[in-house]
1. Could you check segment 282-293 and list, in sequence order, the residues that are surrounded by 15 or more Cβ atoms within 10 Å (Cβ to Cβ) and either in contact with a strand residue (DSSP E or B) (Cβ under 9 Å, 6 or more places away or on another chain) or outside the structural domain of Ala242 (by TED's automatic domain parsing) (or both)?
2. Hey, among Lys175, Lys182, which residue is of a type in the set (Lys, Arg) and either near the ligand (Cβ under 10 Å from one of its atoms) or assigned to a strand (DSSP E or B) (or both)?
3. From the list Leu237, Leu257, Leu315, which one is of a type in the set (A, V, I, L, M, F, W, C) and over 21 Å from Thr211 (Cβ atoms)?
4. Check Ala58, Ala22, Ala42 and return the single one that is in contact with a Leu (Cβ under 8 Å, 6 or more places away or on another chain) and of a type outside the set (Phe, Trp, Tyr).
5. Could you tell me how many of the residues in segment 215-233 are assigned to a loop (DSSP other than H, G, I, E, B), surrounded by 21 or more Cβ atoms within 10 Å (Cβ to Cβ) and either within 12 Å of the ligand (Cβ to nearest atom) or within 21 Å of the chain's Cα centre (by Cα) (or both)?
6. Suppose we filter segment 47-69 for residues that are in contact (Cβ under 8 Å) with a residue 60 or more places away in the chain and open to solvent by 40 Å² or more (accessible area, probe 1.4 Å); how many remain?
7. Between Leu194, Leu247, which is touching a residue at least 24 places away in the same chain (Cβ under 8 Å) and more than 16 Å from the ligand (Cβ to nearest atom)?
8. Report the residue count in segment 70-100 for those that are closer than 29 Å to Gly153 by Cα, among the small types (Gly, Ala, Ser) and open to solvent by 10 Å² or more (accessible area, probe 1.4 Å).
Amino acid sequence: MKIAVFSTKNWVRQSFDGANEAGSFQFTYLEARLDMNTVSLAAGHDAVCVFVNDVLDAPVIKELKNLGVETIALRCAGFNNVDLKTAHEEGLHVVRVPAYSPYAIAEHALGLILALNRRYHRAYNRIREGNFALDGLLGFDIHGKTIGVIGTGKIGQIFCRMMKGFNCRILAYDKYPNDELKAEGVEYTSLEKLYEQSDIISLHCPLTHETYHIINEYAIKSMKSGVTVINTSRGPLIDSNAVINGLKSGQIGYLGLDVYEEEGDLFFEDLSDQVIQDDTFVRLQTFPNVLITAHQAFFTKEAVDNIAETTLNNLKEIEEKGESGNSVVPEQAYGG
Ligand code: NAD
């Protein structure tokens with residue numbers, strides 16, 4: 001099977017070559033992000049392998065079909081960037097990596113909370129400049145605080161348990177509450193109550209039509225003053241302009257982002273020599289109480305190895321059986 005691997009970085013090449021020691025697959029590593037301008041690079045391949053910011057809308061999928069591509073292998077869990085309906089209509093298989101390390105993302109969310117609260121990033125720079133003063137570094141105990149968790153699937157439930165370890169009260173909102181978590185003391189509640197009572201809110205739901213801009217002006221107004229908001233899920237869950245207003249008014253006390261709604265033009269690239277044109281992103285960076293990482297929550301050795309192994313296994317299943325246990329079907333559109 002010949003596979004065009006879009007959005008290739010060194011870590012992708014290393015992990016995929018490592019998982020393909022037997023040489024069963026022929027990879028063409030492409031740095032380009034897949035979109036309508038680059039889709040022709042898929043010619044002569046049986047499959048494309050893509051990541052979170054590749055664009056697989058209807059025109060791209062139709063062109064992939066024209067070029068003879070039969071499979072779209074996502075090397076991520078989320079599939080909000082794939083027009084599943086069109087893929088299904090065109091007869092393309094879509095496979096994904098449903099869980100590569102939910103611990104990696106839950107731990108990163110906790111890391112953002114700790115860093116924002118105790119200002120590790122600021123302290124690190126201060127000490128290097130010989131400034132040992134503590135002014136401006138005052139944090140708060142996480143112990144005993146109320147944590148709101150939106151989405152208690154694979155990642156959200158690990159995050160709940162980690163916060164339980166801090167002796168926090170956990171309020172959760174999910175369309176499908178988890179009985180085990182309930183038994184462990186997690187309280188499922190309405191979004192309204194979660195917003196009203198939580199000191200820290202962490203997003204772990206997928207991007208869907210329902211969750212798009214779930215954190216908007218109205219949600220922010222109903223939150224506790226000085227709330228911490230963490231998003232390691234998908235950028236468009238948050239209305240960036242609404243959080244900027246919330247930060248300016250002090251309603252949002254801390255914001256930790258691993259994802260951003262317009263991250264496709266920024267994240268995973270070294271743009272240090274360029275002028276960033278996204279004024280909203282640049283404004284977000286100006287706040288001392290905002291910490292942004294560039295979609296790195298998944299980026300652990302365990303997760304990267306799992307992504308490569310699962311993707312190769314998915315492709316092997318498609319090649320041998322014409323289906324995979326990790327296929328994504330249209331009914332799941334905008335989920336995951
Ligand atoms: P999951 O499918 O196991 O869990 C998602 C949970 O959200 C489910 O329990 C589901 O019932 C719930 N949900 C669905 N719609 C909801 C709604 N409208 N309101 C509240 N809850 C809702 O997924 P997961 O593996 O835990 O991943 C969660 C998210 O994390 C995904 O969107 C994924 O794209 C994102 N993610 C980010 C990274 C990263 O590196 N930053 C890595 C992996 C996954």
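The values are calculated or read from the model by the stated rules, or taken from the named source; none is laboratory data. Small disclaimer: the values here were computed from a predicted structure and weren't measured. Positions of Cβ are backbone-derived with ideal geometry, glycine not excepted, and every protein chain shown enters the neighbour counts. For accessibility, only protein heavy atoms count, side chains too; no ligands or nucleic acids. Shrake-Rupley method; radii C 1.70, N 1.55, O 1.52, S 1.80 Å.
1. Residues of segment 282-293 surrounded by 15 or more Cβ atoms within 10 Å (Cβ to Cβ): 283-284, 287, 289-293.
Matches in segment 282-293: Leu284, Phe287, Asn289, Val290, Leu291, Ile292, Thr293.
2. So the residue among Lys175, Lys182 that is of a type in the set (Lys, Arg) and either near the ligand (Cβ under 10 Å from one of its atoms) or assigned to a strand (DSSP E or B) (or both) is Lys175.
3. Numbers: Leu237 fails: over 21 Å from Thr211 (Cβ atoms); Leu257 fails: over 21 Å from Thr211 (Cβ atoms).
On inspection, the qualifying residue turns out to be Leu315.
4. Numbers: Ala58 fails: in contact with a Leu (Cβ under 8 Å, 6 or more places away or on another chain); Ala22 fails: in contact with a Leu (Cβ under 8 Å, 6 or more places away or on another chain).
Just one listed residue meets the conditions, Ala42.
5. Keep residues of segment 215-233 that are assigned to a loop (DSSP other than H, G, I, E, B), which gives 216, 222-226, 232-233.
Checking which are surrounded by 21 or more Cβ atoms within 10 Å (Cβ to Cβ) leaves us with 223, 232-233.
After this cut, where a residue has to be either within 12 Å of the ligand (Cβ to nearest atom) or within 21 Å of the chain's Cα centre (by Cα) (or both) as well, the list is 232-233.
Total meeting the criteria: 2.
6. The qualifying residues number 1.
7. Values: Leu194 fails: more than 16 Å from the ligand (Cβ to nearest atom).
The conditions single out Leu247.
8. 2
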